[in-house]
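The values are calculated or read from the model by the stated rules, or taken from the named source; none is laboratory data. In this text, all values refer to a predicted model and were calculated from it rather than measured experimentally. Methodologically, a virtual Cβ is constructed for each residue, glycine included, from the backbone with ideal geometry; neighbour enumeration extends over all protein chains shown.
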Amino acid sequence: MSRGIYVVGNWKMYKTAQQAADYIDELDPAAKTSSISVYLAVPFTSIHPAARAAKGTHLVVGAQNMNDAQEGAFTGEIAALMLKEAGAEFVILGHSERRRLFGETDAFIHKKIQRALKDGLRPIVCVGEDAQEREERLTEDVLKKQIAECLASLDEESMKQVVLAYEPVWAIGTGKSATAEIAESAHAFCRQCIAELYGEETAELIPILYGGSVKPDTVTHLIEQPDIDGVLVGGASLDPKTFSEIVLNSESVK
Ligand code: 13P
């Protein structure tokens, strides 16, 4: 499988700098040197200590948000170059919590993606429908619109750096994961949307991750699906033992 497998932990607003360093010490050594891609999206203040603790391992440290400007008078915001210098190599953009709680639009997320790519951070771009949209059978409309507006008009080479994450809002933090079959159908649709924008060849190269209540015992069946290239893990990434288990179970799939 040329796209590889990704296991990405999203700590959200958990863990101080000290707790971040301790967590990395406590990860299973086999998870730290795994042959799959193991990423940790940590709070801003934990990026530097986490990156330092991850030296000599295969772990990749990143951020959960950033501003679209290179720099400027934007009190309380943070720039891609600042994250990069602190040790971040990627950034999660368009997470549903940012869309829902902080009013981020597809147009704003699109600008952030462009900035991340320009300033050397790999964007993990989140899309997904909420419970009502699923109930009203609008999932594909929502995904198509989010993908088109967030990923419009990137140049081909930039697009190849993007990782997409399908995170149905109804599955986030609820313990109610999408079944592997539901997730696979959404992933295949996302890949088709990318193909319509950038062609089949590029669409085949883009990793698409599933997020929403992933646990050690559900990860294997998810990753076995042809269009699921990994997982984005919230709650279950906070405990180093549970996250290690998710990494090792994922590694055993392909
Ligand atoms: P949970 O794994 O806690 O459902 O969170 C998923 C998520 O939002 C990852 O970005």
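So here's what we get for this one:
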{"item": "All positions within region 93-105 that are crowded, with 18+ Cβ neighbours inside 10 Å and in contact with an Asp or Glu (Cβ under 9 Å, 6 or more places away or on another chain)", "result": "Leu93, Gly94, His95, Ser96, Arg98, Arg99"}
{"item": "Matching residues in region 198-254 - criterion: being closer than 20 Å to Met13 by Cβ, assigned to a loop (DSSP other than H, G, I, E, B) and either more than 16 Å from the ligand (Cβ to nearest atom) or of a type outside the set (A, V, I, L, M) (or both)", "result": "Gly212, Ser213, Gly234, Asp239"}
{"item": "Glu104 vs. criteria within 16 Å of the ligand (Cβ to nearest atom) and either outside any helix (DSSP H, G or I) or under 14 Å from Asn67 (Cβ atoms) (or both)", "result": "yes"}
{"item": "Some residue of region 152-169 being buried (at least 16 other Cβ atoms within 10 Å of the Cβ), away from the ligand (no atom under 12 Å from the Cβ), among the acidic types (Asp, Glu) and modelled with pLDDT of 95 or more", "result": "no"}
{"item": "Of all residues in region 1-57 being charged (D, E, K, R) and closer than 30 Å to Glu224 by Cα, the one that is farthest from the ligand (Cβ to nearest atom)", "result": "Asp25"}
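Matching residues to (1) out of contact with any Ser or Thr (no Cβ under 8 Å at 6 or more places or on another chain); (2) small (Gly, Ala, Ser); (3) in contact (Cβ under 8 Å) with a residue 40 or more places away in the chain:
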position	(1), (2), (3)
Leu81	yes, no, no
Gly87	yes, yes, yes
Arg98	yes, no, no
Phe102	yes, no, no
Arg122	yes, no, yes
Gln146	yes, no, yes
Val163	yes, no, yes
Glu167	no, no, yes
Thr174	no, no, no
